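Here the structure is laid out as structure tokens; the discussion comes afterwards.
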Amino acid sequence: MTELLDIEDLRVDFGTGREAVRGVDLRVGRGETVAVVGESGCGKSLTALALLGLAPDGARVSGSARLDGAELVGLGERELRGIRGDRVSIIFQDPMSSLNPTTRVGTQIAEMLAIHTPMRRSARFRAAVELMESVGITDAPERARQMPHELSGGMRQRVMISMALAARPDLLIADEPTTALDVTVQAQVLALLRERTRDTAVLFITHDMGVVAEIADRVAVMYAGRVVETGTVREVLEKPQHPYTAALLRSVPDPDRPVSGELPSIPGQVPAVGEVVEGCPFSPRCPRADDACTTAPVLEAGVACWHPHTDAQTEAGAEDAR
Amino acid sequence: MNRRTMLIPLAVLVMYVVAAVFAPLLAPDDPNAVTLARRLLPPGGGHLLGTDALGRDVLSRVIFGTRISLLVAAGAVLTGGVFGVAVGVIAGWRGGRIGAVIMRLVDVVLSVPFFLLAILVVAVLGPSLLNVVVCLALVRWPRYARVAHSATLQARGRGFVTAATATGAPAWWIVLRHVLPEVLPVAIVVGTLELGLMVIYEASLSFLGLGVQPPTASWGSILSDGQQYIASAWWLAAFPGIALFVLVLAANLLGDAARDRLDPAKRTEIPKARRGTRRQARRQPA
């Protein structure tokens with residue numbers, strides 16, 4: 001059986017070789033939640049936008065991304081429109097800017113229904129209220145008549161989730177959906193997403209390792225426009241193989257073990273978009289780098305590294321860090 | 001300008017509209033009734049603003065002239081505005097090469113001298129009320145196209161436009177529903193500011209004989225008639241001039257006020273909250 005989403009060597013190029021996404025390989029199975037993690041600017045959001053043809057003007061997308069075996073890259077606007085919102089939905093980071101500030105939220109959900117369903121005008125608003133109820137908004141009939149700014153951040157994101165799931169898509173892309181929210185609200189929204197996407201595949205983009213542990217089945221770690229490590233949540237979070245993943249996990253503060261002194265961080269910086277990367281992109285920041293790293297490693301057995309951490313080493317490394 | 005001072009130009013404008021609509025009721029005489037026996041009478045007496053070289057009542061002619069001025073100005077602003085906004089939004093939305101070509105065309109049209117084009121249009125189509133409107137719209141639409149273009153580019157970057165695209169909404173829907181509401185306020189501001197200019201342009205064309213043809217009264221043509229008698233019969237040029245001046249001033253003040261209200265960046269009024277803090281600051285000892 002083919003995977004629901006199969007991304008192969010996806011590249012986004014801003015012209016004259018300024019690549020922001022440099023060959024992403026990623027698979028999402030039916031009903032599976034895959035988290036994509038990485039620092040700002042590693043190309044995780046752009047990868048998601050490219051899938052729906054939403055990459056910014058001037059960006060050239062190449063490679064392959066197949067949804068249910070059908071190619072997405074290079075589709076025309078008309079074909080994309082049939083997929084957007086219907087088979088693949090997306091939730092953005094900031095629910096305030098994703099809603100039109102001059103229109104009642106219920107009307108905005110109803111407009112979404114007008115595009116995807118043959119419902120009559122009168123039925124649409126009622127359906128919108130029901131959708132709002134389904135994502136746990138209390139007093140939905142009143143809320144539907146309110147303007148976006150009258151709703152809290154969490155409620156706005158609930159509205160966005162209800163819109164994204166309205167047409168029962170096969171795949172939901174969630175682009176840092178909880179980043180702009182308070183921590184408590186974040187937990188509620190995550191719970192809602194988990195509950196409402198049991199049968200929907202989710203591509204969950206985040207930089208928060210805590211969120212990954214909370215929601216994902218599998219993880220893909222991205223660095224400088226490439227996937228450097230993939231695996232199940234347990235594998236990646238407990239036994240990271242790639243030095244970058246290991247370093248990333250070390251830099252997450254552990255509430256049970258207060259840090260004395262400085263928080264651990266990764267020295268150096270992510271290569272800029274368009275910077276020519278020869279060999280392993282992480283090698284300039286990597287403690288394990290050597291001559292072998294001047295040639296680029298390929299993603300094999302879940303990791304793209306010449307010197308991956310093995311089990312024993314990870315333990316040792318973890319001890320060192322403590 | 002605050003809300004109260006905005007009412008004054010608005011009231012003046014309404015007065016002009018009333019004068020134009022009810023011209024036959026307000027005018028004391030037929031504006032075209034020639035009475036050679038009563039020619040070049042000074043203001044006062046039977047004719048409040050005097051009479052012209054053909055003995056026609058100047059007040060009546062100025063009142064009827066308001067009709068032409070407002071009709072042409074409103075017509076030019078509407079046609080030019082609608083066309084310009086459409087072009088600007090299309091150029092901004094499509095972007096890329098198509099957008100660039102359209103906007104360069106806009107630059108070209110903006111560089112055409114107004115009176116040259118006016119003479120051309122009149123030469124080809126002949127002078128008439130409709131052709132004056134066509135001519136003005138033809139020259140002024142690029143103004144609207146420019147602001148509509150930049151407002152569209154801005155709207156295109158808004159999150160809800162991307163979000164709407166991501167829900168599979170067709171482009172025309174997004175443009176009508178999400179982009180146009182962002183563009184219209186700026187276009188309305190430009191339109192209000194253009195209104196005064198259109199009044200002047202219409203008068204200029206009529207003054208040159210390229211506009212409305214005699215005996216129809218237009219401020220421009222009354223001025224032009226009066227020009228020969230400027231030394232002996234000042235009232236012929238003075239009164240249509242004053243009518244023109246006050247209307248243009250009112251339109252410009254209203255345009256400024258509209259811009260201030262709709263564009264927070266250019267707001268000249270200090271927001272209330274900040275006024276409070278300033279007062280507090282003053283209260284503190286230096």
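For B:Val186, the conditions (1) in a loop (DSSP other than H, G, I, E, B); (2) more than 14 Å from every other protein chain (Cβ to nearest Cβ) are fulfilled apart from (1).
A Cβ distance below 7 Å, combined with a sequence gap of six or more or placement on separate chains, defines the contacts here; from the range A:93-104, residues that are facing chain B (nearest Cβ under 8 Å) reach residues that are crowded, with 19+ Cβ neighbours inside 10 Å and part of a loop (DSSP other than H, G, I, E, B) in the pairs A:Ser98/A:Phe92. When the residues of the range B:227-245 are filtered to those that are touching a residue at least 40 places away in the same chain (Cβ under 8 Å) and under 17 Å from B:Ile200 (Cβ atoms), which remaining residue is surrounded by the most Cβ atoms within 10 Å (Cβ to Cβ)? Among those that are touching a residue at least 40 places away in the same chain (Cβ under 8 Å) and under 17 Å from B:Ile200 (Cβ atoms), it is B:Pro240. Out of curiosity, is A:Ile109 buried (at least 18 other Cβ atoms within 10 Å of the Cβ), within 14 Å of chain B (Cβ to nearest Cβ) and farther than 30 Å from A:Thr232 by Cα? Here the answer is yes, as A:Ile109 does meet what is asked. I'd like the full set of residues that are of a type in the set (Lys, Arg) and either within 14 Å of another protein chain (Cβ to nearest Cβ) or assigned to a loop (DSSP other than H, G, I, E, B) (or both), limited to the range A:128-185. A:Arg145, A:Arg156, A:Arg168, listed by residue number.
The single condition among (1) under 30 Å from B:Gln213 (Cα atoms); (2) surrounded by 17 or more Cβ atoms within 10 Å (Cβ to Cβ) that B:Val106 does not meet is (1).
Residue-by-condition table, conditions (1) at pLDDT 80 or above; (2) not aromatic (Phe, Trp, Tyr):
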position	(1), (2)
A:Leu263	no, yes
A:Gly274	no, yes
A:Gly279	yes, yes
A:Pro287	yes, yes
A:Ala296	yes, yes
A:Trp306	yes, no
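Among (1) polar (S, T, N, Q); (2) within 25 Å of A:Val21 (Cβ to Cβ); (3) modelled with pLDDT under 80, which single condition is A:Thr232 missing? For A:Thr232, the failing item is (3).
Here A:Glu79 fulfils each of the conditions (1) part of a helix (DSSP H, G or I); (2) surrounded by 15 or more Cβ atoms within 10 Å (Cβ to Cβ); (3) in the same structural domain as A:Val212 (by TED's automatic domain parsing) apart from (2).
Scanning the range B:148-175 for residues that are more than 11 Å from chain A (Cβ to nearest Cβ) and either over 29 Å from B:Leu116 (Cβ atoms) or buried (at least 23 other Cβ atoms within 10 Å of the Cβ) (or both) returns B:Ala148, B:His149, B:Ala151, B:Thr152, B:Gln154, B:Trp172, B:Val175. Identify all residues within the range A:34-87 that are within 12 Å of another protein chain (Cβ to nearest Cβ), among the charged types (D, E, K, R) and in contact (Cβ under 8 Å) with a residue 40 or more places away in the chain; write none if there are none. Listed by number, the residues that qualify are A:Asp86, A:Arg87.
The values are calculated or read from the model by the stated rules, or taken from the named source; none is laboratory data. Since we're looking at a predicted model, the values are computed, not measured. Please note: Cβ atoms are built from the backbone with ideal geometry, for glycine as well, and neighbour counts cover all protein chains shown.
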